[in-house]
Each structure stands twice: as structure tokens, then as C-alpha cells.
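**Student:** One structure, pasted below without further comment.
The values are calculated or read from the model by the stated rules, or taken from the named source; none is laboratory data. On a predicted model such as this, the values are computed, not experimentally measured, just so you know. Quick reminder, even Gly has a Cβ in these numbers, built from the backbone with ideal geometry, and neighbours come from all protein chains shown.
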Protein chains: 2
Amino acid sequence: MRVDVVHNVLKLNDALAQQIRADLRGRGIFCPNLISSPGSGKTTLLERTLEHFRGTWGQAVIVGDLATSRDAERLAEYAQTVQINTDGGCHLDAAMVANAMPHLDLDGVDVLYIENVGNLVCPVGYDLGHDAKVALISVTEGEDKVAKYPRLWREADVVLLTKADLLQYVPFDVARFYEDLRALNGTVPVLEVSSMTGQGMDAWFEWLTARRESPNAQEPAA
Amino acid sequence: MRVDVVHNVLKLNDALAQQIRADLRGRGIFCPNLISSPGSGKTTLLERTLEHFRGTWGQAVIVGDLATSRDAERLAEYAQTVQINTDGGCHLDAAMVANAMPHLDLDGVDVLYIENVGNLVCPVGYDLGHDAKVALISVTEGEDKVAKYPRLWREADVVLLTKADLLQYVPFDVARFYEDLRALNGTVPVLEVSSMTGQGMDAWFEWLTARRESPNAQEPAA
């Protein structure tokens, strides 16, 4: 019984996500969906990204959190931003995104970033109408989070290994990380980055630029 | 409709959790439930804790993950351990704990630790029959995780600020952390610890010892 209800909810979500995707593609807007544990560095990465592409692209952000508007306050320094408060909910869904979109002026926007609720499990299953899943894992979390939370890495369009500047201070096994990741996903690009030192950020900006130019190259996993 | 289903699920969960709690208390077993983001250091804290109390207490562990038995393999070095694989599920529930318990020999056990799935949202709402909620946040996650994920800190019986040895390398605002935490929970004990250097671990061992001696002092939040 419960399974049926959840299936219906997911079906409705996917139908709405397809409408969002068609709408955004019709407007020529590229939409990455950033997913990670709490504290992997999604917001700081977005700050540096918005700053880098300011003047090049029109940019907007939808950011989800259980409570507070802290992330939106940080990101609104760089681009128009809408905060979704899920009020305890553990992920964004397509209806939340659809409700947030009218609060943005999408004319002239080239990239709409979605920063999901910090959670390595629940956001993975919800299509938001995005073009790509951007998966972050920070070196401080430990390399075992790949094998222990497999679905995100399987479905990711790019993996960012964040806080790479802290690698020298933590027991993160880089070889094991790549081994476990490749066992789940043989082809996903992996970028080692630090929003603090700037390490690897050019490769991330290049990935975004290339992917924005051909968002249909690869159909995103749901 | 969906709300009703979830309410029934939670009701069933709570009834089973009460049975587990009564069973464990009847056996004189203290049961802490460790909750945090992925990678906050639950498993490493448990390794040091099991090692410290070996020979003093009988100890056992139930550990939840989406996939792999890696945590159980680490913890089985120190005490009997059962791994629950949730197969994608984002939290442990009372039924999973009830199913795991017969795989442990609970005769002579004084403390049964439950290490929940790494997730700052979903595990908070599920009573597992535990005596105390142990909430971890690592300094590498950022102090804003308190205000952004409020429920866990409100309901915690103790808060461990982990990876304190990394404080010098990360932009964690300690004053803001305490301010936000106190706004949610005026009384919860906060312990700054590092499983790597041993900093603060004595205070954690003392908290566990004191709380085990009077588990009924404070009824746990569901």
C-alpha cells in the first residue's frame, strides 16, 4: 500500500519535472542540480561560480533548506536567488521548483542553479527538471561515502571532490575513492577542487561551459 | 492521503520502539542512538569508545548504512556488531532494530550503541527504542548546519562537536555555533572532541557513564 502511494508521488513528480525541463530548454536555460551531504561546500562553490560567470551569463539560483534563508542571503550577493524552506522535508521536489520559478525573472538567464537540501540519500531520487546532477563529496567526509551511498555516484553527471586543500590534514584515501567510484560509474568526470584556494576551479568552469553548450548530449538520470 | 499513511507508519514505529525500550531496560542495557551527516565521525568515535570501555562494559553495536558492511567490519574489531543495509533507505526504523537484535548475544551487554544512517534529516523522526540521541556535527561541515537543520539539535541529549583538531584549518565560527545551538536548545551538553587526538574524549566517556547509570533521568524525545 505504502509503496503504491510513493510510486504515484514519484510519477507525478516526474511528469512535472519533464514540464519544467521543457520550459527551461525552450528558454535556453541550462539547469544543474547540486547534491551532497550537509557541509560539502555547495554554497561556497556556487558563490565562486556565480562570481566567475558574472557578466558572461545571466544566472539565477533556487536553494533548498529545511529552515533559514542563510544560503539565499549569501548567494543573493551575486545573482537573483529564491530560497525554498522545506519545513523539515529532506529533499526538493519538482513542485517546489515549479512554485519557486515564478519568483525569478528568467528573461536573460542562461544558467539556473539548483542547490538541493544537504542530504546524500533522498534528493537523488527526485527529478527536478534539471539537465545535470552535480555530486559533491568533501575530503573531510571520508572516501567510504562513495561505496556506502552508491546511488548518487551512479547517476552523477560530474563528481566534485571538494575541500581538496584539506587533503593533507585528513585520512582520506584517494586511491580507494577512485577505485570505489569507478566500480559504480566508469565514465563520470571527477574534478578535485577547492573553493578556498581556487584549485581545480577552472576545470569546473570549463565543464559547466561545455555542458551548457550541449545539455542534450546526455539525457540526465531521473 | 499520503499524510495519513505516514502517520500510521510512525505510530506503528513508535509502538515497536516502546517495546524495544522496555526490553532493553529490562535487561539493564543502555542504548544511545548516534545521528549526524555522512562523514561527521560516528564510526571513528565508536571505535575509540568501544576500545575505552572494553573490559569495563559488555558492548554491542547495530550500524545502519545504505550499502556495504564496511562500518561493521571496523567495529567488529572491538565488539559484536550487526550491520543493517537499508538498501537505499535514508534512516533506521524500529522494525530494522527489532530484526537486528536477535543476531546479537545480549547477555552481559551493558551498552548497545546504534549508529544511524548518515543523514541530518530523516533519522531524527524515528524512535528506535533508544535512551538518548547523540548528535554529532564536525567542524568541517560549518556552523550554519545547526540553524539549517534545527530538529536534531532541539531533540539531542548531547551534542558532540567532532574533528575539533581541524578547527584551525576551516572557517568554522564557534561563537555563532553556540549562539545558534542555544537558541534551539538551552540546556543540551556540548562536548568538543577529536577522535584523532583524543581531545575531549574523557568528557564524552564521563557523559556516557553518568547517563548509563540513570537512563530514566530524562525521557528521550521520540
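Here's the yes/no breakdown for (1) surrounded by fewer than 19 Cβ atoms within 10 Å (Cβ to Cβ); (2) of a type outside the set (A, V, I, L, M); (3) at pLDDT 95 or above; (4) touching a Ser or Thr at 6+ places or on another chain (Cβ under 7 Å):
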residue: B:V139; (1), (2), (3), (4): no, no, yes, no
residue: B:K148; (1), (2), (3), (4): no, yes, yes, yes
residue: B:W153; (1), (2), (3), (4): no, yes, yes, no
residue: B:D157; (1), (2), (3), (4): no, yes, yes, no
residue: B:D173; (1), (2), (3), (4): yes, yes, yes, no
residue: B:R182; (1), (2), (3), (4): yes, yes, yes, no
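**Student:** Here's a follow-up. Taking only segment B:78-121 into account, find how many residues are surrounded by fewer than 16 Cβ atoms within 10 Å (Cβ to Cβ) and of a type in the set (V, I, T).
**Tutor:** 0
**Student:** Name every residue in segment A:44-59 that is within 17 Å of the chain's Cα centre (by Cα) and either over 20 Å from A:S195 (Cβ atoms) or facing chain B (nearest Cβ under 10 Å) (or both), in order of residue number.
**Tutor:** A:T44
**Student:** In segment A:12-33, how many residues are surrounded by 15 or more Cβ atoms within 10 Å (Cβ to Cβ) and within 14 Å of chain B (Cβ to nearest Cβ)?
**Tutor:** Qualifying residue count, segment A:12-33: 1.
**Student:** Filter segment B:60-96 down to the residues that are touching a helix residue (DSSP H, G or I) at 6+ places or on another chain (Cβ under 6 Å) and among the acidic types (D, E), then identify the one that is farthest from the other protein chains (Cβ to nearest Cβ).
**Tutor:** B:D93
**Student:** Output the residues belonging to segment A:4-48 that are within 27 Å of B:L136 (Cα to Cα) and in a loop (DSSP other than H, G, I, E, B).
**Tutor:** Of everything in segment A:4-48, those that are within 27 Å of B:L136 (Cα to Cα) and in a loop (DSSP other than H, G, I, E, B) turn out to be A:S36, A:S37, A:P38, A:G39, A:S40, A:G41.
**Student:** Now for a separate question. For segment B:34-43, does any single residue satisfy the condition of being away from chain A (no Cβ under 14 Å) and at pLDDT 95 or above? Full working, then the answer.
**Tutor:** Filtering segment B:34-43 for residues away from chain A (no Cβ under 14 Å) gives B:34.
Applying the additional criterion that residues be at pLDDT 95 or above yields B:34.
Yes; the residues of segment B:34-43 include at least one that is away from chain A (no Cβ under 14 Å) and at pLDDT 95 or above.
**Student:** Being polar (S, T, N, Q), within 26 Å of B:P150 (Cα to Cα) and touching a residue at least 12 places away in the same chain (Cβ under 8 Å), is that true of even one residue in segment A:5-25?
**Tutor:** Step one: filter segment A:5-25 for residues polar (S, T, N, Q), giving A:8, A:13, A:18-19.
With the extra rule that they be within 26 Å of B:P150 (Cα to Cα), the set shrinks to none.
Checked segment A:5-25: no residue is polar (S, T, N, Q), within 26 Å of B:P150 (Cα to Cα) and touching a residue at least 12 places away in the same chain (Cβ under 8 Å).
**Student:** Here's another thing I want to ask about it. Hey, does segment A:55-64 have a residue that's more than 27 Å from A:A210 (Cα to Cα) and touching a residue at least 24 places away in the same chain (Cβ under 8 Å)?
**Tutor:** Pass one, segment A:55-64, residues more than 27 Å from A:A210 (Cα to Cα): none.
Checking segment A:55-64: not a single residue is more than 27 Å from A:A210 (Cα to Cα) and touching a residue at least 24 places away in the same chain (Cβ under 8 Å).
**Student:** Mind listing whichever residues of segment B:130-174 are in a loop (DSSP other than H, G, I, E, B) and within 14 Å of B:L191 (Cα to Cα)?
**Tutor:** B:A156, B:D157, B:K163
**Student:** Considering only segment A:102-139, state which residues are closer than 17 Å to A:L45 by Cβ and among the β-branched types (V, I, T).
**Tutor:** Step one: list which residues in segment A:102-139 are closer than 17 Å to A:L45 by Cβ, which gives A:111-120, A:123, A:130, A:132-139.
A:V111, A:I114, A:V117, A:V134, A:I137, A:V139 - these are the residues of segment A:102-139 that are closer than 17 Å to A:L45 by Cβ and among the β-branched types (V, I, T).
**Student:** Could you give every pair whose Cβ atoms fall below 9 Å, whose first residue belongs to segment A:110-125 and is more than 7 Å from chain B (Cβ to nearest Cβ), and whose second residue is assigned to a helix (DSSP H, G or I) and aromatic (F, W, Y), counting only separations of at least 6 or pairs across chains?
**Tutor:** Final answer for the pair search is A:D110/A:F53; A:V111/A:F53.
**Student:** Tell me which residues, restricted to segment A:187-213, are under 16 Å from A:V134 (Cα atoms) and part of a loop (DSSP other than H, G, I, E, B).
**Tutor:** A:T187, A:V188, A:P189, A:V193, A:S194, A:S195, A:G200
**Student:** When you scan segment B:187-199, do you find a residue that is surrounded by fewer than 18 Cβ atoms within 10 Å (Cβ to Cβ), without any contact (Cβ under 8 Å) to a residue 24 or more places away in the chain and closer than 26 Å to B:Q18 by Cα, even just one?
**Tutor:** yes
**Student:** For segment B:67-77, check the following and say yes or no: at least one residue is surrounded by 16 or more Cβ atoms within 10 Å (Cβ to Cβ) and in contact with a Cys (Cβ under 9 Å, 6 or more places away or on another chain).
**Tutor:** For segment B:67-77, residues surrounded by 16 or more Cβ atoms within 10 Å (Cβ to Cβ) and in contact with a Cys (Cβ under 9 Å, 6 or more places away or on another chain): absent.
**Student:** Assuming B:G88 fulfils every condition listed in (1) touching a residue at least 60 places away in the same chain (Cβ under 8 Å); (2) assigned to a loop (DSSP other than H, G, I, E, B) apart from one, which condition is it?
**Tutor:** So B:G88 meets the others, but not (1).
**Student:** Tally the residues that are assigned to a strand (DSSP E or B) and touching a Leu at 6+ places or on another chain (Cβ under 8 Å), restricting the search to segment A:49-60.
**Tutor:** Just the residues of segment A:49-60 that are assigned to a strand (DSSP E or B), to begin with: A:54, A:57, A:59-60.
If we keep only those that are touching a Leu at 6+ places or on another chain (Cβ under 8 Å) too, we end up with A:59-60.
Qualifying residue count for the region: 2.
Rundown of residues vs (1) more than 30 Å from A:F53 (Cα to Cα); (2) away from chain B (no Cβ under 14 Å), yes/no style:
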{"position": "A:V158", "(1), (2)": "no, yes"}
{"position": "A:L167", "(1), (2)": "no, no"}
{"position": "A:L181", "(1), (2)": "no, no"}
{"position": "A:L184", "(1), (2)": "yes, no"}
{"position": "A:V188", "(1), (2)": "no, yes"}
{"position": "A:S195", "(1), (2)": "no, no"}
{"position": "A:Q199", "(1), (2)": "no, yes"}
{"position": "A:D202", "(1), (2)": "no, yes"}
